[in-house]
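Below is one structure, written out as structure tokens; comments come after it.
The values are calculated or read from the model by the stated rules, or taken from the named source; none is laboratory data. Please read all numbers here as calculations on a predicted model, not as lab measurements. We place every Cβ from the backbone using ideal geometry, glycine too, and count neighbours over all the protein chains shown.
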Amino acid sequence: MVVYRGSNYEGPSKSQSGEGEALFIPDVSSAGKRESETGSGSTSEKSDKVVVKPERSESMTEEEAEYNSLLDGLGPRFVEWWGTGILPVDADLLPPKIPGYKTPFRLLPAGMRPRLTNAEMTNLRKIAKSLPCHFALGRNRNHQGLAAAIIKLWEKSLVAKIAVKRGIQNTNNKLMAEELKNLTGGVLLLRNKYFIVIYRGKDFLPTNVAAALTERQDLTKQIQDAEEKLRIKAVEPAQSGEDKGQAPAGTLAEFYEAQARWGRDISAEEREKMIEEASKAKHAKLVKRVEHKLAIAQAKKLRAERLLAKIEASMIPAAPDYDQETITDEERVMFRRVGLRMKPYLPLGVRGVFDGVIENMHLHWKHRELVKLISKQKVLAFVEDSARLLEYESGGILVAIERVPKGYALIYYRGKNYRRPISIRPRNLLTKAKALKRSVAMQRHEALSQHISKLENTIEQMKKEI
């Protein structure tokens with residue numbers, strides 16, 4: 001970036017410059033006096049620098065002054081800060097290791113959830129976005145001094161905002177964030193190549209409170225250890241005085257002893273009878289369970305039959321046309337040969353015959369005389385029923401039903417006197433959705449019928465065994 005000062009540039013006046021803005025003010029007047037008096041040309045005595053300590057600026061608010069004093073107590077400042085405002089603490093100048101450092105003690109208040117909700121996380125990120133940076137960090141590891149400073153900062157602030165130094169090679173914000181999270185126990189709110197924001201957590205305790213609670217826990221543990229030692233000493237003599245030959249209560253030896261005293265011997269016939277009764281009871285229980293399954297299956301089958309009857313009530317198939325056009329055997333052979341060679345075809349899937357199939361047949365007959373359908377049904381009787389229904393509904397002539405690798409091919413001829421109807425989609429057939437419901441209901445009905453027959457056979461066999 002190049003900035004031109006201008007042809008009429010004038011420097012700032014002395015009245016505008018404040019006393020606290022410049023830290024080093026060269027005293028040129030004293031050097032000029034010495035040069036005029038002594039006349040020496042030494043460069044070392046030409047000027048003396050006077051160091052001026054920065055004072056509080058009049059434009060700084062009370063909050064900024066308090067924030068500045070808080071950072072003064074955390075460590076040295078980062079003088080090469082590229083941003084504006086108050087200089088952050090240089091985290092690289094803090095001690096990398098602190099002897100005896102431990103993760104701070106934490107205690108969550110009763111009835112409070114440890115995790116942050118999405119709304120709380122968003123609000124904390126918004127707060128951290130407007131805050132200035134507290135620290136400037138450049139190294140990836142050895143952050144115990146920084147962790148101690150962050151814990152001290154958390155006593156006054158909810159979050160700690162750390163800026164990653166620019167221009168330093170091999171900086172890894174992921175390693176920085178993970179180590180700081182492990183050392184402090186905080187919650188990571190934000191991490192990118194510029195900033196790291198860590199929340200102190202809902203279970204954070206100030207240093208003095210954490211020390212008091214830790215001391216109280218140690219004292220409680222010592223008391224419990226002493227009580228446990230006394231309890232063990234009191235139990236040992238009582239155990240040594242007990243009779244070791246006596247069998248303890250609730251064991252197998254005690255059962256055998258009681259059986260020998262008050263029990264009676266069971267004969268072989270009684271034992272066989274008991275085993276037989278237990279076997280009958282077991283079989284009866286199994287039969288009852290299978291009968292319960294049978295009742296549930298019958299209820300499901302009845303429900304499927306009702307649904308199927310309700311769907312089929314809206315379907316009114318057309319009656320056969322007895323005054324239908326016929327074709328000769330030669331024409332049938334020719335139409336069959338041409339139809340099998342046709343590449344375009346209509347699939348007839350699990351839905352069966354519905355209004356959309358008839359509509360597609362009429363659309364095919366608009367450009368050609370033949371239409372080929374391929375049915376995925378495996379039973380020939382069902383294929384023939386579907387073929388006759390298509391013939392009645394469409395008004396065409398069924399030429400042939402042939403077995404092909406994809407299923408069964410149905411070939412229809414539109415007829416010499418074909419006229420396209422006004423409504424190519426018949427209203428008396430099922431829609432696509434209702435056809436799918438009917439197909440599912442029929443599959444369920446068939447599966448339940450097979451399941452019921454198997455259960456009935458199982459019940460008969462079990463009753464015979466009993």
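Results for (1) farther than 30 Å from Arg425 by Cβ; (2) among the acidic types (Asp, Glu), shown as yes or no for each residue.
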{"site": "Arg271", "(1), (2)": "yes, no"}
{"site": "Leu302", "(1), (2)": "yes, no"}
{"site": "Glu305", "(1), (2)": "no, yes"}
{"site": "Ala319", "(1), (2)": "no, no"}
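Tallying residues that are exposed (fewer than 14 other Cβ atoms within 10 Å of the Cβ), among the hydrophobic types (A, V, I, L, M, F, W, C) and outside any loop (DSSP other than H, G, I, E, B) within the stretch 301-333 yields 3. Is it the case that the stretch 262-272 has a residue that's assigned to a helix (DSSP H, G or I), aromatic (Phe, Trp, Tyr) and over 30 Å from Ala441 (Cα atoms)? The answer is yes; a qualifying residue exists. In the stretch 111-123, the residues that are assigned by TED's automatic domain parsing to the domain that holds Leu189 reach residues that are among the charged types (D, E, K, R) with C-beta atoms within less than 9 angstrom, at least six apart or across chains, in these pairs: Met112/Lys202; Met112/Asp203; Arg113/Lys202; Pro114/Lys202; Pro114/Asp203; Arg115/Lys202; Leu116/Lys202.
Taking the criterion of being surrounded by fewer than 17 Cβ atoms within 10 Å (Cβ to Cβ), aliphatic (A, V, I, L, M) and closer than 17 Å to Phe204 by Cβ, the only residue of the stretch 148-173 that qualifies is Leu158.
Just one of (1) in a helix (DSSP H, G or I); (2) touching a helix residue (DSSP H, G or I) at 6+ places or on another chain (Cβ under 8 Å); (3) among the small types (Gly, Ala, Ser) trips up Ala278, so point out which. Among (1) in a helix (DSSP H, G or I); (2) touching a helix residue (DSSP H, G or I) at 6+ places or on another chain (Cβ under 8 Å); (3) among the small types (Gly, Ala, Ser), Ala278 violates only (2).
For the condition at pLDDT 90 or above and either among the hydroxyl-bearing types (Ser, Thr, Tyr) or part of a loop (DSSP other than H, G, I, E, B) (or both), Pro344 qualifies. Given the criteria buried (at least 16 other Cβ atoms within 10 Å of the Cβ), in contact with a Lys or Arg (Cβ under 7 Å, 6 or more places away or on another chain) and either in contact (Cβ under 8 Å) with a residue 12 or more places away in the chain or closer than 16 Å to Lys193 by Cβ (or both), does Gly145 qualify? In short, no.
Would you say Leu373 is buried (at least 17 other Cβ atoms within 10 Å of the Cβ) and in a helix (DSSP H, G or I)?
Answer is no for this residue.
Criterion applied to Glu402, Glu446 was being under 48 Å from the mean Cα position of the chain (by Cα), exposed (fewer than 15 other Cβ atoms within 10 Å of the Cβ) and acidic (Asp, Glu), and the one residue passing it is Glu446.
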